Amino acid sequence: MTDSNKVSQMVWDQVQSRSSSGNHPLVSGHPNRPIPKLMVCSILFVSLTYLLYTLKLLTTSAQQTFHHTPFTSYLRRSTSFTSAPLVLNQTAVTAPPHHGGRDVREKQKVVMQMEQAPPKPKPTEIHDVVFGIAASSKLWQQRKEYIKIWYKPNQMRGVVWLDDRVKYSAQDNRTLPPFRVSSDTSKFPYTNRKGHRSAIRISRIVTETLRMKMDNVRWFVMGDDDTVFITANLVRILRKYDHTQYYYIGSLSESHIQNIFFSYGMAYGGGGFAISYPLAKALAKMQDRCIQRYPGLYGSDDRMQACMAELGVPLTKELGFHQILSLKTISDSKFIAYWFMHCNQYDVYGNLLGLLAAHPVTPLVSLHHLDVVEPIFPNVSRVQALQRLMLPTKLDSAGIMQQSICYDKTKSWTISVSWGFAVQVFRGIFSPREIEMPSRTFLNWYKRADYTAYAFNTRPVSRNPCQKPFVFYMSSVRMDSELNKTVSEYERHHVPHPLCRWKMANPNDLETVIVHKKPDPHLWDRSPRKNCCRAMESKERRRMVIDVGVCKDGEVSEI
């Protein structure tokens, strides 16, 4: 062996010995080139990363879709990559290569959520409401007739709360709610000299009704024994609100003086108010302590509002609850006697035509103080008048007393229809802005107060003798199945009219007004708006025909 060969053999032996000791990495190449350590480390890192990535992809995909897709399909998808990326993104690891499986999983997830979601609560019905009616044993025999007009024992639940026991006849048991005698309230102080301590008893009616533990109650509705409810409209109002929350719903007085003296934040109890079940439970826990703190308050409703203020619950105002001219009512005979002695001109309370014929654009819910105003229909008793009012409510409760304004321009007449109640015909053309104001056919309870004492705009009955309206009151109503419309008839109320020298058609020739109107149970599901009316041609000279309905596109009450 030559010297050069000996040297080469020695170098190769050293390389092999160093490689086995870990000083130099092994790489392929020419045997005489040194092997870089960095290259060997890179190869090992890439190999290890690729192995980990492949294992993680297979494991994750199998866990996500084990129940939906066979494992072999994921194996085919995971091995379809030609090469693995050196830099991996988290989303690239977890996202499937295509969206077919994801769409299926998302649909199944939506179905599972729908199955697990709680069912939507049913809308409030009248059997979800419990009425608490404040009554006086001494006035019971006359006041119970008002309750019979609207209360339906087979459909409704309620309790009459009296200050003493009364005699219930067999007919009363069939037509009236059961009665209870209120618990003793003598332990509570009462210091108001102008009122009566029965206010404390009445203020606790909601709490005492709650303690009867009736099932499936959503709302407690409070009213007096001379309050008449339009129950279908009451339900429409309550459906607007979540009965699982705290709600105190009612309306103010029609009189500024009453509101200033008592409260603008109070639901006047005679017109009725509603309290949600959770709020009634909260009230029951603290009401007796609350009553102790307000001995100087006048009535039951201002005590109720004081407790609501302590609970932090404001009044939710609904204009359909009518106090009617704002007498603060306590249903005991001593209180009524007090008012009759000090307000001996009770005939000035007057006629409700002006107020009701221009009812605000909201459902009519209740009427109150019916004992001390004229019957809403002439020449009949108060009870008979209210029974007549209930007839159109059976056909179209949503539209009862809603005002429509139109014109007969050939005769220069203005026509105001309060459906189910009255029609007024005026000589001359009045703007809708004026006609929708109540005319002052009534006076304030306070005889020194003038028309500025009301909490709404009013207008005089007439500014000129010729402008005194001709009034037609509803006498009958029926359903025309062929036309699918209600047909209500309004008869002329004959009262003296002043001499008028205006040269125009005279409404004095009219005797009857016929109004056609399609029932509209969803009237209050839309935005508030008056219906439109149209004067139709009539073959009979002494009869006027009017059509009332939803305003057509572009239809307005133009002068």
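The values are calculated or read from the model by the stated rules, or taken from the named source; none is laboratory data. Just so you know, these numbers come straight off a predicted model, no measurement behind them. All Cβ positions, glycine included, derive from the backbone under ideal geometry; neighbour counts span all protein chains shown. Ligands, DNA and RNA are stripped out before the accessible areas are found, and what is left, the full protein with its side chains, is counted by its heavy atoms. Shrake-Rupley method; radii C 1.70, N 1.55, O 1.52, S 1.80 Å.
Just the residues that are under 19 Å from residue 291 (Cβ atoms) and either of a type in the set (Ser, Thr, Tyr) or outside the structural domain of residue 132 (by the TED database) (or both), please, taken from the range 163-189. Residues satisfying the conditions are 182, 183, 185, 186. For the range 261-275, filtered to residues that are open to solvent by 10 Å² or more (accessible area, probe 1.4 Å) and touching a Phe, Trp or Tyr at 6+ places or on another chain (Cβ under 9 Å), the residue that is farthest from residue 246 (Cα to Cα) is 261.
Restricting attention to the range 275-294 and to residues that are under 21 Å from the mean Cα position of the chain (by Cα) and touching a residue at least 60 places away in the same chain (Cβ under 8 Å), the residue that is nearest to residue 372 (Cα to Cα) turns out to be 275.
Conditions (1) open to solvent by less than 50 Å² (accessible area, probe 1.4 Å); (2) in a loop (DSSP other than H, G, I, E, B); (3) at pLDDT 65 or above, marked per residue:
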| site | (1), (2), (3) |
| --- | --- |
| 336 | yes, no, no |
| 363 | yes, yes, yes |
| 375 | yes, yes, yes |
| 378 | yes, yes, yes |
| 387 | no, no, yes |
| 392 | yes, no, yes |
| 398 | yes, no, yes |
| 401 | yes, yes, yes |
| 407 | yes, no, yes |
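Sub-9 Å Cβ pairs linking a first residue in the range 452-472 that is assigned by the TED database to the domain that holds residue 414 and closer than 25 Å to residue 252 by Cβ to a second residue that is basic (Lys, Arg) and open to solvent by 20 Å² or more (accessible area, probe 1.4 Å), at least 6 apart or interchain, are 454/440; 458/440; 459/440; 460/440; 461/440; 461/468, ordered by first then second residue.
The number of residues in the range 521-553 that are open to solvent by less than 70 Å² (accessible area, probe 1.4 Å) and either touching a strand residue (DSSP E or B) at 6+ places or on another chain (Cβ under 8 Å) or not assigned by the TED database to the domain that holds residue 491 (or both) comes to 14. Here residue 186 meets the list (1) closer than 19 Å to residue 287 by Cα; (2) of a type in the set (Ser, Thr, Tyr); (3) buried (at least 19 other Cβ atoms within 10 Å of the Cβ) almost entirely, failing just condition (3). Among the criteria (1) open to solvent by less than 50 Å² (accessible area, probe 1.4 Å); (2) under 31 Å from the mean Cα position of the chain (by Cα); (3) not polar (S, T, N, Q), the one residue 195 does not fulfil is (2). Just one of the listed residues (511, 491) is touching a Lys or Arg at 6+ places or on another chain (Cβ under 6 Å) and of a type in the set (Asp, Glu), namely 511.
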